[in-house]
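The values are calculated or read from the model by the stated rules, or taken from the named source; none is laboratory data. Quick caveat: nothing in here was measured; it's all calculated off a predicted structure. Positions of Cβ are generated from backbone atoms using ideal geometry, with glycine treated the same way; all protein chains shown enter the neighbour counts.
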Amino acid sequence: MSGSKSRRNYVAPYVRDTPRSGIREFFEIVSSRKDVISLSIGEPDFVTPWHIREAAIFALDHGATSYTANLGTPDLRQAVSDYVRKSYGVKYSPESEILITVGVSEAFDLAIRAVVEPGFDVMYHEPCYVSYPSVIAFSHGRPVCVETKRENDFRLTREMLEKKITNKTRVLILNFPTNPTGAIMPRKDMQEIAKLAVKHDLVVIADDIYAELTYDEKPASIARMPGMRERTILLNGFSKSWAMTGFRVGFACSPPELTEAMMKIHQYTMLCAPILSQKAGVEAIRNGMPDIADMRNEYRERRNFIHAALNEMGLPCHMPRGAFYAFPYIGDYGLTSKEFSFRLLNEEKVACVPGSAFGASGEGYLRCSYATDIEEIKEAMKRIGAFVQRLRKR
Amino acid sequence: MDEFELLKLLRKNALESPANLAKMLGITEKKVKAKIAEYEKKGIIRGYQAIINEDQLDLERVRAVIEVKITPEREGGFDRISARVANFQEVKSLFLMSGSYDLLVFVEGRNLKEVASFVSERLATIQGVISTATHFMLKAYKDQGVMMEVKQEDERLKVSP
């Protein structure tokens, strides 16, 4: 065989054509710099509360090193059932309606794979978490994005969805509070969306990973609304609520046939979530509710501060009601969000993720994470303020 | 705003500017100043101090905790004796305790001898003091919620989705 012949590309075209996450390139540049204040981290700056870490150590000490049931340990499924009943007011059976997963990331993938057939339309709202369109595409679904806007505090309305709905639309993804905008949904709007989902017989995948982190009001839970429980896959986990990102443990709650479908894929691909993480999860739910309250209070103070500081320096920013991101508008300076954040990094050593990483409708914005120590946030705000002032003078 | 939110923030950092406190709490700077003045006036805020890692300084100083058993007085209970003990300038903190002793006394002195003589000459001789047990402190790991040595490294990736 001749070596000069160009080799066949072994990568499947649909994977080859999937772009890398928009933050990847940015990550590499930021990582190579020193003394950068990073407001671009999408995970809590708190360490997992000690009693939860201690529970994992205790489990390890006592030889918890095996596989678990595919669905997850009975203890954790019971704990999740109790937790979801208490905080959402919806009952899920620990025997047949709860699946413990490797983070919500896996749960989301399972949910999509379980319900999407090639050629189906899957709707999601944008700006959004970086993985939605790609995960949909991996299942050969068609990602259909619905733009949310600042004028509307990045909320979703029934009208916006109706404009994009087709006879191929089968699935709707909701992520409130939203990464990267911090938006939440008022109950009334959510009820309208529920009605729409019932009318068009949609499956709703609710990525509720930030549900515990809302600062002004409790979020409206769609699974509770009329006709919704049977068509909702509720996803949540421990990463944000209890600062347990590295434990990689989450869960999906849904009616038995959906749970069974997701379990089958999970069984053949992941087998089960790590046992130590599951043990830690039980401790988090059973004894960790006060931890959430403490962290929430601290996030709220930082949110208030960052929101006030950004608006004061002339970067208009809606009040983020949940998650831990501020999403200021930076489109008044003749720079794209990428240019803005690269120059901010070069000139002031502050890293914020360009809004365009979260979809085309994020262009003109910057994601500033306040999962960062308040002292760092203060310094970052000073530096961004100085940067903006210089831009204005030109 | 939670009634105690401002106090919690001051406890974390008493040097925080009223302007920043106002932003964090979502209230006006004027209100922050008024609240602080009110707390000070009412004696809820009793002072502001730096938390110092003395082990890093070459100080000629020892610290000790003393467990003290006392007989409560017919009128005055534990309070009168406690007030007498608290008045000594060697005494930095003083608490009435449940359990096998009554008072827990935190004292400071220049050296072992000074503390020992405070205990034997001043403290133990007070009428009503039944016994004392003195423990010298060797090293501070954590004081008033602040770690004295280890600074937690941020192991997170610099950018994550």
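From A:LEU76, A:LEU99, A:LEU71, which residue is under 20 Å from the mean Cα position of the chain (by Cα), in contact (Cβ under 8 Å) with a residue 24 or more places away in the chain and either surrounded by 14 or more Cβ atoms within 10 Å (Cβ to Cβ) or under 30 Å from A:PRO13 (Cα atoms) (or both)? Quick ask: steps written out before the conclusion?
Numbers: A:LEU76 fails: under 20 Å from the mean Cα position of the chain (by Cα); A:LEU71 fails: under 20 Å from the mean Cα position of the chain (by Cα).
A:LEU99 is the lone residue from the list that is under 20 Å from the mean Cα position of the chain (by Cα), in contact (Cβ under 8 Å) with a residue 24 or more places away in the chain and either surrounded by 14 or more Cβ atoms within 10 Å (Cβ to Cβ) or under 30 Å from A:PRO13 (Cα atoms) (or both).
Just checking, does segment A:37-51 include any residue being free of Cβ contacts under 8 Å to residues at least 12 places away in the same chain and either more than 10 Å from chain B (Cβ to nearest Cβ) or out of contact with any Cys (no Cβ under 8 Å at 6 or more places or on another chain) (or both)? Walk me through how you get there before you give the answer.
Looking only at segment A:37-51, we keep the residues that are free of Cβ contacts under 8 Å to residues at least 12 places away in the same chain, and these are A:50.
After this cut, where a residue has to be either more than 10 Å from chain B (Cβ to nearest Cβ) or out of contact with any Cys (no Cβ under 8 Å at 6 or more places or on another chain) (or both) as well, the list is A:50.
Looking for residues that are free of Cβ contacts under 8 Å to residues at least 12 places away in the same chain and either more than 10 Å from chain B (Cβ to nearest Cβ) or out of contact with any Cys (no Cβ under 8 Å at 6 or more places or on another chain) (or both), one finds at least one in segment A:37-51, hence yes.
Answer with yes or no whether B:ILE66 is surrounded by 13 or more Cβ atoms within 10 Å (Cβ to Cβ), more than 14 Å from chain A (Cβ to nearest Cβ) and at pLDDT below 95.
In short, no.
For residues that are in contact (Cβ under 8 Å) with a residue 24 or more places away in the chain and outside any strand (DSSP E or B), scanning just segment B:128-138, find the one that is nearest to B:LYS92 (Cα to Cα).
So the residue we want is B:MET137.
I need the helices (runs of 4 or more DSSP H) fully contained in segment A:1-63, keeping only those with at least 3 residues that are at pLDDT 90 or above and exposed (fewer than 14 other Cβ atoms within 10 Å of the Cβ).
Of the helices (runs of 4 or more DSSP H) lying wholly inside segment A:1-63, those with at least 3 residues that are at pLDDT 90 or above and exposed (fewer than 14 other Cβ atoms within 10 Å of the Cβ) span A:13-16, A:50-61.
Filter segment A:52-90 down to residues that are of a type in the set (Lys, Arg) and away from every other protein chain (no Cβ under 14 Å) and give me whichever is farthest from A:ALA107 (Cα to Cα).
Ranking the qualifying residues of segment A:52-90, first place goes to A:LYS86.
Which residues, taken from segment B:58-91, are assigned to a strand (DSSP E or B) and closer than 17 Å to B:ALA124 by Cα?
Correct list: B:ALA64, B:VAL65, B:ILE66, B:GLU67, B:VAL68, B:LYS69, B:ILE70, B:GLU73, B:VAL91.
Are there any pairs, at least 6 apart or on different chains, whose C-beta atoms fall under 9 Å, with the first in segment B:47-62 and more than 13 Å from B:ASP143 (Cα to Cα) and in contact (Cβ under 8 Å) with a residue 60 or more places away in the chain and the second among the small types (Gly, Ala, Ser) and surrounded by 10 or more Cβ atoms within 10 Å (Cβ to Cβ), and if so, which?
Close Cβ pairs (under 9 Å, with a partner that is among the small types (Gly, Ala, Ser) and surrounded by 10 or more Cβ atoms within 10 Å (Cβ to Cβ)) amount to B:VAL62/B:GLY109.
Taking the condition of being polar (S, T, N, Q) and more than 26 Å from the chain's Cα centre (by Cα), how many residues in segment A:42-67 meet it?
The total comes to 2.
Evaluate the following for A:ASP291: is it farther than 23 Å from A:PRO74 by Cα and touching a Pro at 6+ places or on another chain (Cβ under 6 Å)?
yes
Checking A:GLY119 against (1) in contact with a His (Cβ under 9 Å, 6 or more places away or on another chain); (2) at pLDDT 95 or above; (3) not charged (D, E, K, R), which test does it fail?
Exception for A:GLY119: condition (2).
Do you know which residues across segment B:133-158 are basic (Lys, Arg), farther than 21 Å from B:ARG110 by Cα and more than 12 Å from chain A (Cβ to nearest Cβ)?
The answer is B:LYS142, and nothing else.
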